[in-house]
Amino acid sequence: MGIPNSIIMLSSLTELNNYIDRSQLTEDLGGTLDYCHNRWLTHRTAIENFARMVKEKAQTLRSFGAELAETELPNDVQSTSALLAAHTESKGKMKEDLKIVLTEGQDILLSIRKPVLENQEYKMNPDQMENQITVERLLDQLYETETAFDDFWLKHQQKLEQCLQLRHFELDFKEVKTALDSVSERLSRFTEVGNSCFSVGHFIQNRHYAVDSILPKCSELQHQCETITAEMNKRRTLLNHSFALHSQLEKSMKWCDEGIYLLASQPVDKCQSQDGAESALQEIEKFLETGGDKKLKELNYLFKEYEVILSEELVDHIQKVFQKQESMEEMFQKRRISLKKLAAKQTRPVQPVAPRPEVPLKSPCSSPGKLVSRWVSEINENHHSRSGSMMDDEENLAVLRKHVINELLETERAYVEELLCVLEGYAAEMDNPLMAHLISPELHNKKDVLFGNMEEIYHFHNRIFLRELENYMEYPELVGRCFLERMEDFQMYEKYCQNKPRSESLWRQFSDSVVKKKLDHKLSLDSYLLKPVQRITKYQLLLKEMLKYSKNCEGAEDLQEALTSILGILKAVNDSMHQIAITGYDGNLNELGKLLMQGSFSVWIDHKKGHSKVKDLARFKPMQRHLFLHEKAILFCKKREENGEGYEKAPSYSYKHSLNMAAVGITENIKGDAKKFEIWYNAREEVYIIQAPTPEVKATWVNEIRKVLTSQLQACRQASQHRVLEHTHSLPLPVLHKSPSRNEGRNIRKQEERNADLVMPDGCVTSIAPKYPEKGKGWAKTSQSLDASEENDGWSSADDPLNSSDAEEEGKEEKKLVNKYMFIFIRKKEIKHRNPCSIINIS
């Protein structure tokens with residue numbers, strides 16, 4: 001443990017306030033922080049006691065439920081009645097105890113919120129907020145426990161009551177059976193048949209005296225039993241109808257979802273060939289055959305068949321499902337038409353034609369006029385055949401364009417539905433109190449990290465982009481304009497992709513099995529979180545396909561520009577993913593300007609004025625460095641591979657040093673290797689030889705560096721011209737002379753001689769530096785080993801448009817005097833076939 005360097009002794013609260021802000025001090029120390037330690041202890045003790053009570057009550061209810069579930073049902077009415085009464089009494093006591101715990105928790109929460117209730121402008125401190133969240137979470141757990149117990153009790157009580165009814169029925173059955181057995185026994189003993197009509201009539205008329213009162217009551221009971229039975233049958237029929245309707249709706253919804261997934265999973269590129277189109281068409285036909293018992297019938301038929309059970313909500317639900325089914329069938333029909341045309345497209349067979357005999361120039365039976373007319377007719381026939389072929393090709397291209405726009409719209413709709421499913425099924429469930437116990441506490445309030453700005457992306461596609469794409473359904477070749485108009489909105493994907501590594505590392509802690517089962521999802525959450533990344537990549541493929549079939553159309557230029565812009569966004573996203581992996585840089589990377597390029601290279605360092613390190617003397621093997629080219633600096637980093645899965649396996653980049661672009665120059669070509677170029681720093685005091693993986697990569701980097709340096713040169717020239725104009729306006733009007741005075745000419749010649757001495761031997765030119773350079777204007781984030789750059793307040797450009805020609809004579813000089821700044825441009829003969837780079841330093 002470190003020992004502080006000094007201890008400050010304070011004698012008053014006023015001195016304390018000079019070191020610590022009053023907002024961080026309590027009222028007893030003269031601050032404004034509302035904190036009372038006794039109140040904190042009271043709340044904390046009450047919360048801990050409440051938490052213990054919640055835990056104990058949950059365990060008690062769980063034990064009580066297990067006891068009730070394991071209780072065997074009695075076999076007689078009295079025992080069953082006693083058991084039901086005992087369980088009801090125990091349940092009442094449990095509810096009272098639970099009510100006491102709930103009341104105590106509500107009182108604690110009210111005590112915590114009391115300052116806010118008394119003063120609406122009062123803001124809780126972090127401790128109070130934490131206490132409030134803790135109590136609310138415990139109350140939610142208690143409510144959920146109570147709800148689960150009530151559900152269990154209803155089932156248990158119903159079971160006991162039904163058991164009691166069964167025991168009563170068994171008892172009544174025994175009584176009736178006993179009575180019937182007694183009557184049966186009496187009948188078996190009655191064997192007399194009578195001796196006369198009088199005796200037989202006496203036996204027949206020997207019945208109950210109140211038969212006339214008993215028979216109507218029996219008839220009434222029989223009628224009531226029949227009525228109840230009929231009503232139960234009617235209700236059962238309605239419920240069966242409702243079950244059948246809902247089953248049909250669910251089948252149709254599932255069938256539509258499977259159809260949309262099938263359309264979205266068919267790749268566009270494979271459908272362009274005849275075999276691919278036939279295969280895709282067979283998949284569609286096979287799927288449509290499965291819709292016999294899954295498709296909804298006509299709405300009028302459904303409404304008529306299920307009229308007795310229809311309600312307003314059920315009618316709306318039926319209409320939505322039917323509309324979804326119609327939309328899906330319409331998409332299938334369009335896809336079938338496109339695929340049939342592609343499948344029917346065949347290469348025309350080459351028909352053998354017998355050679356005609358050569359027509360002599362002079363024939364007795366042919367005149368020159370007839371010969372010319374025959375040539376003209378043949379030319380016309382060939383022209384018509386070519387024009388017909390061109391019309392067929394254009395028609396085929398139109399079909400292909402229609403297919404691509406259909407693919408774009410269908411996948412866009414599926415993409416929007418998937419985003420909505422993720423937001424409602426996963427993101428919303430994280431805020432659902434009933435799901436809180438299924439989510440790890442570490443994931444609470446981490447929804448923004450897990451899902452990033454997916455909600456922003458969904459609203460853009462659902463409310464804006466999808467609707468605008470639908471306007472180009474009939475003009476697919478013009479769809480590039482839609483992308484160009486919304487290109488700035490696609491920048492939101494860069495933010496999403498930058499958050500993706502954090503999201504992926506976090507989702508591994510989120511058990512989505514319960515939610516996935518609830519939503520009946522085929523894929524896990526990480527697959528859905530990858531959808532935006534896949535979608536932004538899919539756009540460039542679709543635009544390439546559309547451009548391939550629209551090269552001679554009106555919107556071809558817009559399609560090319562849109563494709564270039566989308567590829568630029570993908571590059572920016574990829575570069576930003578690498579940039580956020582930079583570690584060890586002491587500063588803000590945003591201050592370096594826009595990230596233009598990034599890539600891995602082999603690097604050699606050559607110190608022209610000595611080596612800063614001994615190990616640099618024998619640097620025969622190149623260093624492997626990952627370079628980041630910004631508008632204001634080049635960063636040199638060392639790539640380090642990481643172990644893990646997914647984004648956790650992505651490499652990181654350890655920062656080594658950087659070069660200020662204001663002091664950088666380049667040599668584009670190096671003899672013997674077309675993949676190498678030089679980046680030299682501070683008038684070639686340090687030279688970095690860069691070897692790219694391919695000559696194409698090298699050319700791209702050299703061009704980008706040239707653009708940066710040229711833009712800096714132009715900005716510097718404009719600033720210099722502006723200073724000259726200001727200086728000119730501030731001086732009095734000069735007196736015009738036909739020739740300069742003798743002293744002025746002598747001064748100019750002396751100045752030129754001094755400037756000539758500043759020419760560097762390697763053909764590069766520096767400027768007239770001030771005798772005492774100002775300090776503090778150099779680049780603040782350059783490498784510590786590059787000491788020469790710390791005092792450099794100049795500016796360099798590697799591509800001077802005034803020195804772009806290689807045909808200038810050796811030693812030719814162009815001098816330009818601007819105010820007190822002298823610009824010298826010199827081109828010397830190439831040494832060892834190396835193209836020198838003209839550098840202009842303005843001090």
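In this simple spin-label approximation, Ala427 and Ile8 carry label points 7 Å from Cα along the Cα→Cβ vector, and these lie 4.6 nm apart. Accessible surface of Ser602, taken over heavy atoms with a 1.4 Å probe and every protein chain present, rounds to 20 Å². Estimated from the Cβ-Cβ distance and a Förster radius of 25 angstrom, the FRET efficiency linking Val533 and Lys632 is about 0.25. Each of Phe173 and Glu307 was given a label point 7 Å from its Cα along the Cα-to-Cβ line. The distance between the two points is 4.4 nm.
Set the bar at 26 Å for Cα to Cα. Now go through Lys531/Lys698; Lys254/Lys548; Lys294/Lys334; Lys334/Lys548 and name every pair that lies beyond it. Mind showing how you got there, number by number?
Values: Lys531/Lys698 34 Å; Lys254/Lys548 36 Å; Lys294/Lys334 21 Å; Lys334/Lys548 21 Å.
The pairs that break the limit, which is 26 Å between Cα atoms, are Lys531/Lys698; Lys254/Lys548.
Each of Arg137, Arg44 has its accessible area taken with a 1.4 Å probe; listed largest first, they run Arg137, Arg44. Against the criterion of solvent-accessible heavy-atom surface with a 1.4 angstrom probe, Val702, Val200, Val77 sort, most first, into Val200, Val77, Val702. For Tyr472, the accessible surface of its heavy atoms amounts to roughly 40 Å² (probe 1.4 Å, protein chains only, rounded to the nearest 10).
How many angstrom lie between the Cα centre of region 464-498 and the Cα centre of region 240-283? For region 464-498 versus region 240-283, the Cα centre distance is 26 Å.
Full extension of the chain between Val315 and Phe198 yields a length gain of 34.7 nm, computed as 0.36 nm times the residue separation minus the alpha carbon distance.
With both labels modelled 7 Å from their Cα along Cα-to-Cβ, the Thr45 to Arg481 distance reads 7.6 nm.
The phi torsions of region 675-684, fed into the Karplus equation with coefficients 6.51, -1.76 and 1.60 and a -60° offset, translate into couplings of 9, 9, 8, 10, 10, 10, 10, 6, 6, 6 Hz, rounded to whole numbers, with Gly and Pro shown as x.
For Asp140, the accessible surface of its heavy atoms amounts to roughly 70 Å² (probe 1.4 Å, protein chains only, rounded to the nearest 10).
With a 1.4 Å probe rolled over the protein heavy atoms of all chains, the accessible area of Met430, Met129 falls in the order Met129, Met430, largest first.
The values are calculated or read from the model by the stated rules, or taken from the named source; none is laboratory data. Remember, predicted model here, so these are calculated numbers, not experimental data. Counting neighbours? That spans all protein chains shown, and the Cβs are built from the backbone with ideal geometry, glycine included. With ligands, DNA and RNA removed, areas are computed over all heavy atoms of the protein, side chains included. Shrake-Rupley method; radii C 1.70, N 1.55, O 1.52, S 1.80 Å.
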